1. Scanning for something open to solvent by 50 Å² or more (accessible area, probe 1.4 Å), β-branched (V, I, T) and in a helix (DSSP H, G or I), does region A:41-53 turn up at least one residue?
2. Select from region A:239-268 the residues that are over 23 Å from A:L149 (Cα atoms) and part of a loop (DSSP other than H, G, I, E, B) and write down the one among them that is farthest from the other protein chains (Cβ to nearest Cβ).
3. Got a number for residues in region B:186-195 being surrounded by fewer than 22 Cβ atoms within 10 Å (Cβ to Cβ), more than 14 Å from chain A (Cβ to nearest Cβ) and closer than 19 Å to B:E154 by Cβ?
4. Restricting to region B:209-240, and then to whatever is among the hydrophobic types (A, V, I, L, M, F, W, C) and either assigned to a strand (DSSP E or B) or under 17 Å from A:P139 (Cα atoms) (or both), can you tell me which residue is nearest to the other protein chains (Cβ to nearest Cβ)?
5. Could you check, for region B:270-293, whether at least one of its residues is surrounded by fewer than 21 Cβ atoms within 10 Å (Cβ to Cβ), at positive phi and within 12 Å of chain A (Cβ to nearest Cβ)?
6. For region B:84-97, which residues satisfy the criterion of being buried (at least 19 other Cβ atoms within 10 Å of the Cβ) and either of a type in the set (S, T, N, Q) or in contact with a His (Cβ under 8 Å, 6 or more places away or on another chain) (or both)?
7. For region B:161-175, enumerate the residues that are over 8 Å from the mean Cα position of the chain (by Cα) and within 23 Å of B:N59 (Cβ to Cβ).
8. Quick check on my filter: what residues within region B:201-260 are β-branched (V, I, T), buried (at least 22 other Cβ atoms within 10 Å of the Cβ) and over 26 Å from B:P408 (Cα atoms)?
Amino acid sequence: MELLIGQMFAGLSLGSVLLLAALGLSLTFGQMGVINMAHGEFMMAGAYTAFVVQRSISDAGVSLLVSIPVGFLVGGLLGLVLEAVLLRRMYHRPLDTLLVTFGVALILQQAARDIFGAPSVDVRAPAWLQGNIELLGAPIPLTRLFILLLSLVCLAGLVLILRATPLGRRIRAVVLNRDLAETSGISTRRTDQLTFFIGSGLAGVAGVAVTLIGSTGPYLGTNYIVDAFLVVVAGGVGQIKGAVIAAFALGVLQSVFEFSTTASIGKVLILVLIVVFLQLRPQGIFSLKTRSLA
Amino acid sequence: MRVSVTKRALIPLAAAAMATVLAGCGSQISDPASANSTASSGSSCVDTSGSSVKVGFINSLSGTMAISENTVFDSLSLAAEEINAAGGVMGKQLQVVSEDGASEPTKFAERAGKLIQQDCTAAVFGGWTSSSRKAMLPVFEANDALLFYPVQYEGLEASKNIFYTGATTNQQIIPALDYLAEQGTKSIFLVGSDYVFPRTANKIIQAYAKAHGMEVLGEEYAPLGSTEFSTIVNKVRDSKADAVFNTLNGDSNVAFFRQYKSVGLTAESMPVVSVSIAEEEVPGVGLENVEGQLTAWDYYQTLDTPANQKFVAAFKAKFGAERVTSDPMEAAYTSLYLWKAMVEKAGSFEVDKVQAAAGGVTFEAPEGTVTVDGENNHITKTPRIGKINSEGLIDTVWSSPKAVEPDPFLASYPWAKDLAK
């Protein structure tokens, strides 16, 4: 029983990490058709932000709370620069965005190595997140609980922006039909920039969050990028609710598989499952109904 | 820290395996005179006529292993500098030729060939991963040259052309198990990265446990670089094992120890013995996550020997007070001095004379006196169990009463007789 609860939480928790990594990607890949391979490196930038902030604010709790908005800004600004310098020249050419952003990812990794050194740096977790609470005898790690809550807050914030703000309406209009949106007086340029800012900013927040789990080093992003794309593709491109379902489904299944076999075989089973699923339903869990002719 | 065998490493690996088969079972060391009779031995181009002699350093100065191997390069450089300041080897100054293995086994093989044939070095020092060593082995055998390899490894190997100055399994893993048994450990859980070294190590641990009535409650591997340890940690916690034997590699240790701690497991409730976390890795893993946990090595910076105090002081003077020394660094430093002693005993830089003189050569190393075993070209070492202290250094909590003879094929352990096959 104790183990069952522990494992259920492990699955949810893994799902929340996947969701956090994939949420921003769902926006930039799904809504804008940009395959941003540097998304993982934006996470890395967020993680190093947490490290830098912690060096100036020694209280780990305060620095974590400060890091979250700062990480959002750092990720968002990197996204804005990438969009302005490179990506805006290649909308409608998703394969080119893949190559270009892959190059950017390598440059960012090398930059991190040059600035912070090759070995991982240590971002301390605040005292109030160390340890765990007991749920029917099973220890629920507080850091993982915090990440679960953070991912739900990010999700709620994103849904709120998309559903209830003028910006959200513009984003949705541009996604459905870019030309018609432009004709109706929406500045697609500005909308693209803001969408990319939010999507990349979410990567920064995800980066801050994962410093609580693993190591903070130049390769941090590469650990998450493939899983994040899997979530977005399995969920249905451009579908926030699809990403949510896919992230938690993959998280829970991964921990079930891993528990009943081994970590390596669990990973293989997940990939096989996704391949089979995409054979049956290439559009993912949900598909976007668009009126664009492209 | 080791990396997995890549596809590219398989070819030299197969060659190495062939060489081992060819060498037969009579001697643990393959005999180049018969196995490599076609190779042009004796055509050594080492020039000893001048006032200097060339030696080669081969380390990954770039790529994923650079973090670790740069530290070995630093301690080799220190040893060369010290030897030169004290008058060199047989009156000749050492002239170092350095090559970058770039974390790729094929590159190691190629660069080693260059160091031997073009640079005409008298001996080569370096290598870290088992795949890089396996790739270089046929090159050194074919050219009848010498490699000094400084890192603890999985054993089951011996070559006339390689001197192994790191620990083999009976000088690190088996003493760690003996220590656990002595502490009353009845059951252990094995956690490792999914590649060569942990799998080989765990095979040995399984055989040991079976023979000593110790129960192995689980054996889990995480993909290299993995940061998701919730499930493994849950399994470990649920097993209620007395201790965990950790052969995880590199950054996975960070994620493992954080998640280990977050489900309430501590060094007191369930100690973890690690074989690849040394002084320089502790800050990256986060001191608060590993403080009080155990390590198994033959050398720690805190060792209180005159030779070590001199080594640590010289290293810090050259590279900065914030730098730390570690086991592979010490083994590399020692390897250069051992070669010097062998050359002086042989009275010659020639490979066959150095090989003939090697057996019984000793050096007062920072870890204590080490002696070369002429049978298998490994050295005696003193296994030590350490505990990570509040400064991030490692205190010795148990030390072998005397240096342990190297036994790379575990021939002296009846329970291991199936492993060396």
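The values are calculated or read from the model by the stated rules, or taken from the named source; none is laboratory data. Because the structure is predicted, anything quoted here is derived from the model rather than measured. Don't worry about glycine lacking a Cβ; one is built from the backbone with ideal geometry, like all the others, and counts go over all protein chains shown. For the accessible areas, the whole protein counts, side chains as well, though only heavy atoms, and no ligand, DNA or RNA atoms are used. Shrake-Rupley method; radii C 1.70, N 1.55, O 1.52, S 1.80 Å.
1. Kept after step one, since they are open to solvent by 50 Å² or more (accessible area, probe 1.4 Å), are these residues of region A:41-53: A:52.
Now narrow it down to the ones that are β-branched (V, I, T): A:52.
If we keep only those that are in a helix (DSSP H, G or I) too, we end up with A:52.
Yes, the conditions are met somewhere in region A:41-53.
2. We begin by selecting, within region A:239-268, every residue over 23 Å from A:L149 (Cα atoms); these are A:257-268.
Still in the running and part of a loop (DSSP other than H, G, I, E, B): A:261-262.
Numbers: A:T261: 10, A:T262: 6 Å.
Result: A:T261.
3. Looking only at region B:186-195, we keep the residues that are surrounded by fewer than 22 Cβ atoms within 10 Å (Cβ to Cβ), and these are B:186-187, B:194-195.
Those still in the list that are more than 14 Å from chain A (Cβ to nearest Cβ) too: B:186-187.
When the remaining residues are screened for being closer than 19 Å to B:E154 by Cβ, the result is none.
Qualifying residue count for the region: 0.
4. Pass one, region B:209-240, residues among the hydrophobic types (A, V, I, L, M, F, W, C): B:209, B:211, B:214, B:216-217, B:222, B:224, B:229, B:232-233, B:236.
Now restrict to residues that are either assigned to a strand (DSSP E or B) or under 17 Å from A:P139 (Cα atoms) (or both): B:216-217, B:222, B:229, B:232-233, B:236.
On the way: B:V216: 15, B:L217: 14, B:A222: 5, B:F229: 9, B:I232: 6, B:V233: 8, B:V236: 11 Å.
Among residues in region B:209-240 that are among the hydrophobic types (A, V, I, L, M, F, W, C) and either assigned to a strand (DSSP E or B) or under 17 Å from A:P139 (Cα atoms) (or both), the one nearest to the other protein chains (Cβ to nearest Cβ) is B:A222.
5. Scanning region B:270-293, I find no residue that is surrounded by fewer than 21 Cβ atoms within 10 Å (Cβ to Cβ), at positive phi and within 12 Å of chain A (Cβ to nearest Cβ), so the answer is no.
6. Scanning region B:84-97 gives no hits.
7. Within region B:161-175, B:N161, B:I162, B:F163, B:Q171, B:Q172 meet the criteria.
8. Taking region B:201-260 as the starting set, the residues that turn out to be β-branched (V, I, T) are B:204-205, B:216, B:227, B:231-233, B:236, B:244, B:247, B:254.
Next, only the ones that are buried (at least 22 other Cβ atoms within 10 Å of the Cβ) stay: B:204-205, B:231-233, B:236, B:244, B:247, B:254.
The answer is B:T231, B:I232, B:V233, B:V236, B:V254.
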